[in-house]
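The values are calculated or read from the model by the stated rules, or taken from the named source; none is laboratory data. Bear in mind the structure is a predicted one, so any value in this text is a computation, not a measurement. Here the Cβ is made from the backbone with ideal geometry for all residues, glycine too, and neighbour counts use every protein chain on show. To get the accessible areas, we keep the full protein, side chains included, count just its heavy atoms, and leave off ligands, DNA and RNA. Shrake-Rupley method; radii C 1.70, N 1.55, O 1.52, S 1.80 Å.
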Amino acid sequence: MSQSPKSPKTIPNPNSDQDYLNLEPPPSLKSQWKPKALSLPDIWVKEQALKHVICNMQQQFSHTPSISPPSEPDLTSFQSFPLDPIEPDYSSLLSDVVLLGIFSKLPVSQHVSNSLVCKRWLYLTGRLVQSLKVKDWSFISSGRVFNRFPNLTDLDLVGSCIQMPKDSGVLLTHKTVSVYVDTSFTFAGFLGKTALLPLHVVDTGLAMVAEKYPNLHRLVVIGASEEGLRQIAARCYTLQELELHCCGDLALKGISGIKILQVMKLIGSVNGFYDSTISDIGLTLLAQGCKRLVKLELCGCEGSYDGVKAIGQCCQMLEELSFYDHKMDGGWLAGLSYCSNLKTLKLKSCKNTDTSPGADEHLGTCLTLEELRLQQCHIRDKQSVKALFLVCENVRAIDFRNCWGLDDDVFSLASICRYEAFNFFHKRYIYTRYRIYILLENVNGPTESIIIPMSDYALNTSSFASSSNLRFSSSFDRRVKLLSVEGCSLVTIKGLESVLLSWKELQQLRVMSCNNIKDTEVTPELATLFSMLKELKWRADSRSLLLSNLVGTGMGKKGGRFFQRSKD
């Protein structure tokens, strides 16, 4: 048999990567030796093997694969990758007080990014948050909100109390509430009885809020009952502003213990969302329990003369009263005369002012009223508008904004808003259409007023002065100093002139987007009045202003002419 010649013995090259990786232990130790898994430092030591791995990864993830066979990688361009040492956390040397002082100087927009650094920063940034809108009720029931934000003073729970599908993709927004809705619409609105949390669940959550946030200043809640509001009143001693959605008359019993409540927003019903009843019973409970109210807003509330009268008699500090889409019975305007300190009256989105105001001599007047605002209201009924201006005849500022039915005849009723004052020795007699108000100046106390019906005295000012045996000096004060008309397209320059010329003390005038008021129709009398004003903002005919700005641009023409090719 022929034997192949023995190949010469090869000496392993110590620099060879292949031999280095294929080394085997001697036979005597092979049974005891176990392969050791390569750790991260071992891999970093083998620079040559690591370079091959990196080259292969770059070729695999390349976005432009090549058809030609791969060439040998250039290993000279690769350098070793040393591990960077972990830098020490110098913020751990600072106390919580110092970090809170630093975070408080940063803008609010950076609080979220700062809270993602570590758990300590998450907790510290949560202590700076004072206002929060909760969207998930489990955040309240589990108590996580109290640990995450321990110093809240403004809490909104409306979004968390509504059980509507968050994945419906349809977001219905109203001026007071925004919810996700589905197709299950009922006559009671999208938010029926099943859409809101049960009363006992809301009350339990309010009890937890009252316990954890005794320094709460503002609270917004929907579907609360008397018991839950009673818990808030018993523990939140600093609560100043409260907004209640979808609550009944009896629920207002619970807020009687809130002693320093100043701002109240009561939303009874919202068309298309929910419907709850707030009547004279609830308004009376509110007035008797919250006598320190300064600002009151009634949205979708029912009531009548008795409820408004109770508010005026009990809430002596009330300065601003707002009605939003009210459902008041006829005759409620007369109750405003009992608001002895009222400064501002607002009507917004009201379909009617007063369906049955009654006789003019029984309406009364708000002596301290200074501002009247009408926004998006239907004011076609002349009788109700006249009654409104009689009650508000002492105002200093009148604002009409996007009101329907405001034509020249209705707008001319605004000239009622004035009074004539006769100055006597030590007394001031304010003459209105149906009453004389005698203001007695008390040196050691507030000014007192005595109401004298005009039927008891002659209208002649000279006979009135002689019967009083007091020195008389005639003085007429027409108090309207500001008029703002915006978005009222039925008012013309004739109706505007008839009102403006009767207000001799007018100082500010704003006329915006009233398309029936033309600049070319301004009379010399109006021009003279405009020259004496302290402030004049006049952009009445917005259409003519737009057309004048588009002159020469080729826009604003009809489509047939605009797209017609020009003939050369």
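Quick one: in the stretch 199-223, of everything that is among the hydrophobic types (A, V, I, L, M, F, W, C) and open to solvent by 10 Å² or more (accessible area, probe 1.4 Å), which residue is farthest from VAL129 (Cα to Cα)?
Per the criteria, the residue is LEU199.
I need the full set of residues from the stretch 238-253 which are modelled with pLDDT under 90, assigned to a loop (DSSP other than H, G, I, E, B) and on the phi < 0 side of the Ramachandran plot, in order please.
CYS247, GLY248, ASP249
Determine, yes or no, whether LYS386 is more than 25 Å from the chain's Cα centre (by Cα) and over 22 Å from GLN507 (Cβ atoms).
Judged against the criteria, LYS386 is a match.
Which residues, taken from the stretch 208-237, are out of contact with any strand residue (DSSP E or B) (no Cβ under 6 Å at 6 or more places or on another chain) and among the β-branched types (Val, Ile, Thr)?
VAL209, VAL221, ILE232
Of all residues in the stretch 238-261, which are open to solvent by 10 Å² or more (accessible area, probe 1.4 Å), touching a strand residue (DSSP E or B) at 6+ places or on another chain (Cβ under 7 Å) and either without any contact (Cβ under 8 Å) to a residue 40 or more places away in the chain or of a type in the set (Asp, Glu) (or both)?
Listed by number, the residues that qualify are GLN240, GLU241, GLU243.
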